[in-house]
Amino acid sequence: MISNGRRKFLSFAAAAGATSMFPDLIREALAVQANNATGTLADVGHVVILMQENRSFDHYFGSLAGVRGFDDPRAIDLPNGQPVWYQPDSAGHYVLPFHFDAQNTSALSIGTDHTWKGSQATWQGWDAWVKKKTPQTMGYFNRGDLPFYYALADAFTICDAYHCSVFGATDPNRMYSLSGSNQGWMGDMGSLYNISASGYYNADPANDNISATVTAGAPNWRTYAEVLEANDVSWKVYQEWDNYGDNYLAYFKNFRVNADGSRLSPSSPLYQKGRVMAPGSSAANAPGTKGDWLVAAFADDVKNNRLPQVSWISTPNDYTEHSPNSPNAGENITARLLAALVANPAVWSKTVFLLMYDENDGFFDHVPSDMAPLTPAMGRTTLEHIGAFETYQNEPVGLGPRVPMLVISPWSKGGKVCSQLFDHTSKTRFLEEWLVNGLGKDRASIECGLISPWRRAVCGDLTAAFDFRTPNSDWPASVPKTAAYQKVSGKPHPTPPAVQSLPLQETSGADSGARVACALPYQLQVQGSNVGDQQFELNFANEGRAGAAFIVYSKARSDGPWYYTVEADKSITGERWSWSGTHYELSVHGPNGFLRQFRGAIAQTAGAARPELQTSYQIANNRISLTLSNLAGQQACNFTIVDNAYGAAPASYSVPAGQTKVIDCGLEASFGWYDFSVSSSADPQWLRRVAGHVETGSFSRTDPQIGRNRGK
C-alpha cells in the first residue's frame, strides 16, 4: 500500500518532470515521508555512517551548482597575489584545476602524498599543493563523471564546509571519527594491520597480531562504540574479509585482546558488533569482491527490522574510492546500501545516512584550514584551553582540508547546502545530541570526552543540516535543473592541458544555480580602525549561537596568517598590528564567505578627515547597516559605496567633521547576501570591504554570485 504522502510526491514528481532529474532509486527515497511524530531529533531511529577514502571537496564537487566551489567570489589570494587556483610549481609556472575523466579508471587519479603536513610554515600561504603533491593534485571530476553523487546532492543536503580533522593520512583522521581524537597518533598502524599474501586487508580477528609488544603499542583509549555499548545503544560494523583495513575499531586494544592479553573472546559484545564479518565472506571469496556480503547483511537487517541504532560500514578495497580505484565503484555500493534502506520505507523514514571521506589524499581544495592558535604570535582565542592534542611537534593539528559530506535522510531533502564548519568530530556530536535530546540519555554518560574544547567551539554538531519540524514540505522543485549525465568520450591521461583555463561551476536560471541554504548559527562582526602610531586595531564579536574561527591575512606583512577563535557570545577586542611601511592592509576570512578588508595609509594628516566604517545587522528585516564615520575628522569626508556583486547602484555621501551617517541596505533581492566596498576621498588608499550573509534563523539561498564569478 502506498501512503498518501508518497502518492502525492510521485504525482508531483511526474508533473514536474523529475523522472529525468533523478534516478528511480533517489525518487523512491524522496517519496518516503520522514517520521515526524515529534518534530524533533527523537524522530530519528537509526544513523548509518559510511566513510570512504581520500577525496577533497573541490576534487569531487568544485563544479556543483551553488556550493563554495570553483566560482567562490571571496576565495583567498596566494602570497604572490594570484587567485588561489593558480598553484605554483617548482619551475615558476602554475597549474590550474583540470578535469579528470572518470571513465579512465585504470590510469587516473593516482594517489598523491597524504602524510602529516609537517611544517605549518609550508602551508600557511596555501600555495604548496603542486610542489608537495605533484600536478595530479589539481585534478577534479564533474557531474558527467559522478552522476549518482551529483544526483544525491541535488536531492538531499551537501555540506560545503566539512573538513577532515587532520591535515594528514587516513589513520589519525579515522581515529578522530571513532573516538574524537587521535591522541597524538600521526603514523600508520604498522603491525596492527592484517594483510594477506596477495595484498588484501584482512578483517578476520583470528589473524590479529596480539603479541604483548604489539598490543602494548595499540591505541588504548575509549572509542564512541564503547560509549554506545555502555549506554545500551545498539550498534554494529558491517564489513567483509577484505575491508581495506578501514574498520579502525580493530586496531584499538579493547577490540583485539581481553584484559588478560588473550585474543578477544568471540562471545564479547565488542567482538560480535565490531569485529565479525558479514555472513558468507571469507578469504576464499574476498579478492575482487563487490561488497555483496556486507550489502546482503545490511539489507537483511533492514528488511527484518534489525538495523541497529548506529551502524558503521567498511567497504572492500575496490569500492573505497581510494586512488586509483574508481569513484563510480563507490557510487555503486552507496546506491546499493541506499536501495536496501528504501526497500523498507518504515526503516528509511527514520534513518540518517551520512556519507563522507576520511581525508583528501593529496587532492587540492581552495579553502584554507582553520587552526587553533597555539601562541600569541599565531592569533588569539577566547578559550581557556584548546585541548592537549591540538598540538603535535609544536604544530597545530587541524583542521585538515575540506572533504565531501552528504547528509541523506528524509529530514534533509531538497538539494540544500549546509555551510556550517564541521569536521569528523561533528558526527559524534550529532550522536550526542540525538542520544540526549532525542532518546533522553544522560549527557554526562554519553559525551565523548576526547573531543577538544577548540573543536567543540568551532565545529558544529550537524543538526543545522536537518529540518525536523517540517521535513515533508520540501519537494525537489527547489533543486536547480542541471545537465543530464553524458558519458565522457575519450580517455585522456590525467595531466594538465597545454592551454589551461579556470574551471566553471554549474549555472541554472536567473539565480545561477543558487540552492536552498540551511540556517546557520552565525552572527559575526569584525570592526577595524587606524589608531595611529603605525598601528591598526581589530575587534571580533560573536553574537551567534556557535563559536567561529577566523583567518587574518596581510599583503603588507609576511609573518601571517593569524588565527582567531571566538566562542558564542564572546569577543576579542584591542587586537593590534604594527606596520613598518607606508600603508596597512588586512583581510579577515570567516565562515560561509564572511569577509572584512581594511586598507589605508598609515600616516594621518593633521586637520584632515578621518574616514571609518562600522557595520551592524538588522536581522528581523534582513538588512545590514553601514555607519560612515568621520567622528575624529576635522574636515568633511566624502564616501563612495559600491556593490561588488548584487546590483545596487553606487552611491556617494558627505559626512561633516565629528559626525556619522547610517546607510541601511536591504538585502531581500540577494537572499541576505552583501558585498560592499567603501572608499573615501580623504585617502586614495583607504578601503573597507564588507561581505557575507545575514543569518535570520530561517532557510535562505546560497550565494547568487557562485556560478557567475568565473574565477575573478
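The values are calculated or read from the model by the stated rules, or taken from the named source; none is laboratory data. In this text the structure is predicted, and so the values were computed from the model without any measurement. Please note: Cβ atoms are built from the backbone with ideal geometry, for glycine as well, and neighbour counts cover all protein chains shown. Accessible surface areas use protein heavy atoms only, side chains included; no ligands, DNA or RNA. Shrake-Rupley method; radii C 1.70, N 1.55, O 1.52, S 1.80 Å.
In this structure, does Val352 turn out to be within 24 Å of Phe430 (Cα to Cα), in contact (Cβ under 8 Å) with a residue 12 or more places away in the chain and either open to solvent by less than 40 Å² (accessible area, probe 1.4 Å) or among the small types (Gly, Ala, Ser) (or both)? Judged against the criteria, Val352 is a match. Only residues that are open to solvent by 50 Å² or more (accessible area, probe 1.4 Å), at pLDDT 95 or above and not polar (S, T, N, Q): list them for the stretch 650-660, please. Within the stretch 650-660, Tyr653, Pro656 qualify.
Scanning the stretch 204-236 for residues that are of a type outside the set (Val, Ile, Thr), open to solvent by less than 30 Å² (accessible area, probe 1.4 Å) and part of a loop (DSSP other than H, G, I, E, B) turns up Asp208, Ala218, Pro219, Asn231. Examine the stretch 396-416 for a residue that is open to solvent by 10 Å² or more (accessible area, probe 1.4 Å), in contact (Cβ under 8 Å) with a residue 24 or more places away in the chain and within 27 Å of Lys570 (Cα to Cα), and state whether such a residue exists. No: the stretch 396-416 contains no residue that is open to solvent by 10 Å² or more (accessible area, probe 1.4 Å), in contact (Cβ under 8 Å) with a residue 24 or more places away in the chain and within 27 Å of Lys570 (Cα to Cα). The set of residues from the stretch 210-238 being in contact with a strand residue (DSSP E or B) (Cβ under 6 Å, 6 or more places away or on another chain) and among the aromatic types (Phe, Trp, Tyr) comprises Trp235, Tyr238. Residue pairs whose Cβ atoms lie under 6 Å apart, sitting 6 or more positions apart in sequence or on different chains, and linking a residue in the stretch 371-387 that is within 16 Å of Gly574 (Cα to Cα) to a partner that is of a type outside the set (Asp, Glu) and open to solvent by 30 Å² or more (accessible area, probe 1.4 Å), are Thr382/Lys570.
Residue count for the stretch 139-194, restricted to those that are in a helix (DSSP H, G or I) and not aromatic (Phe, Trp, Tyr): 18. Here is a check on your reading of the model: is Ser680 in contact with a Pro (Cβ under 7 Å, 6 or more places away or on another chain), of a type in the set (Gly, Ala, Ser) and touching a residue at least 60 places away in the same chain (Cβ under 8 Å)? Yes, satisfied.
Every listed requirement among (1) within 29 Å of Gln309 (Cα to Cα); (2) free of Cβ contacts under 8 Å to residues at least 24 places away in the same chain is met by Thr425 save one, (2).
For every residue, the table says whether it meets (1) farther than 22 Å from Ala465 by Cα; (2) among the β-branched types (Val, Ile, Thr); (3) not in a loop (DSSP other than H, G, I, E, B).
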{"position": "Gly658", "(1), (2), (3)": "yes, no, no"}
{"position": "Lys661", "(1), (2), (3)": "yes, no, yes"}
{"position": "Asp664", "(1), (2), (3)": "yes, no, yes"}
{"position": "Ala669", "(1), (2), (3)": "yes, no, yes"}
{"position": "Trp686", "(1), (2), (3)": "yes, no, yes"}
{"position": "Gly697", "(1), (2), (3)": "no, no, no"}
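Take the conditions touching a strand residue (DSSP E or B) at 6+ places or on another chain (Cβ under 8 Å), open to solvent by 40 Å² or more (accessible area, probe 1.4 Å) and under 24 Å from Met405 (Cα atoms) and apply them to Lys273. Does it pass? Spelling it out, it is not the case that Lys273 is touching a strand residue (DSSP E or B) at 6+ places or on another chain (Cβ under 8 Å), open to solvent by 40 Å² or more (accessible area, probe 1.4 Å) and under 24 Å from Met405 (Cα atoms).
Scanning the stretch 609-631 for residues that are surrounded by fewer than 16 Cβ atoms within 10 Å (Cβ to Cβ) and in contact with a Gly (Cβ under 8 Å, 6 or more places away or on another chain), we see that the one that is nearest to Ala546 (Cα to Cα) is Ile619.
Here Ala457 clears all of (1) part of a loop (DSSP other than H, G, I, E, B); (2) out of contact with any helix residue (DSSP H, G or I) (no Cβ under 7 Å at 6 or more places or on another chain) except the condition numbered (1). Would you mind telling me which numbered condition in (1) open to solvent by less than 10 Å² (accessible area, probe 1.4 Å); (2) at pLDDT 95 or above; (3) within 16 Å of Lys117 (Cβ to Cβ) Leu435 fails? Going through (1) open to solvent by less than 10 Å² (accessible area, probe 1.4 Å); (2) at pLDDT 95 or above; (3) within 16 Å of Lys117 (Cβ to Cβ) one by one, Leu435 breaks only (3). May I ask you to list the residues in the stretch 81-93 that are touching a strand residue (DSSP E or B) at 6+ places or on another chain (Cβ under 7 Å), open to solvent by 10 Å² or more (accessible area, probe 1.4 Å) and in contact (Cβ under 8 Å) with a residue 24 or more places away in the chain? Scanning the stretch 81-93 gives Pro83, Pro88, Asp89. Among the residues of the stretch 417-426, those identified as assigned to a loop (DSSP other than H, G, I, E, B) and either open to solvent by less than 10 Å² (accessible area, probe 1.4 Å) or charged (D, E, K, R) (or both) are Asp423, His424. Within the stretch 106-149, restricting attention to residues that are among the hydrophobic types (A, V, I, L, M, F, W, C) and at pLDDT below 90, the residue that is farthest from the chain's Cα centre (by Cα) is Ala107. Quick check on Trp312: is it in a helix (DSSP H, G or I), among the aromatic types (Phe, Trp, Tyr), buried (at least 20 other Cβ atoms within 10 Å of the Cβ) and touching a residue at least 24 places away in the same chain (Cβ under 8 Å)? Criteria not met by Trp312.
Return the residue satisfying two criteria in turn: it lies in the stretch 617-646 and is polar (S, T, N, Q) and within 20 Å of Ala669 (Cβ to Cβ), and of such residues it is modelled with the lowest pLDDT. This residue is Asn621.
The residue that is nearest to Gln635 (Cα to Cα), among those in the stretch 661-708 that are among the basic types (Lys, Arg) and either open to solvent by less than 10 Å² (accessible area, probe 1.4 Å) or at pLDDT 95 or above (or both), is Lys661. If you go through the stretch 374-394 and keep only what is closer than 29 Å to Thr137 by Cα and open to solvent by less than 10 Å² (accessible area, probe 1.4 Å), you end up with just Glu390.
Of all residues in the stretch 354-377, those satisfying the criterion of being at pLDDT below 95 and either touching a Leu at 6+ places or on another chain (Cβ under 6 Å) or closer than 30 Å to Leu338 by Cα (or both) are Asp358, Glu359, Asn360, Asp361, Gly362, Phe363. With respect to (1) β-branched (Val, Ile, Thr); (2) touching a strand residue (DSSP E or B) at 6+ places or on another chain (Cβ under 8 Å); (3) buried (at least 23 other Cβ atoms within 10 Å of the Cβ), the lone exception for Val347 is condition (3). Of the strands (runs of 3 or more DSSP E) lying entirely inside the stretch 492-598, the ones with 1 or more residues being in contact with a Pro (Cβ under 7 Å, 6 or more places away or on another chain) and surrounded by 18 or more Cβ atoms within 10 Å (Cβ to Cβ) are found at 548-553, 562-566.
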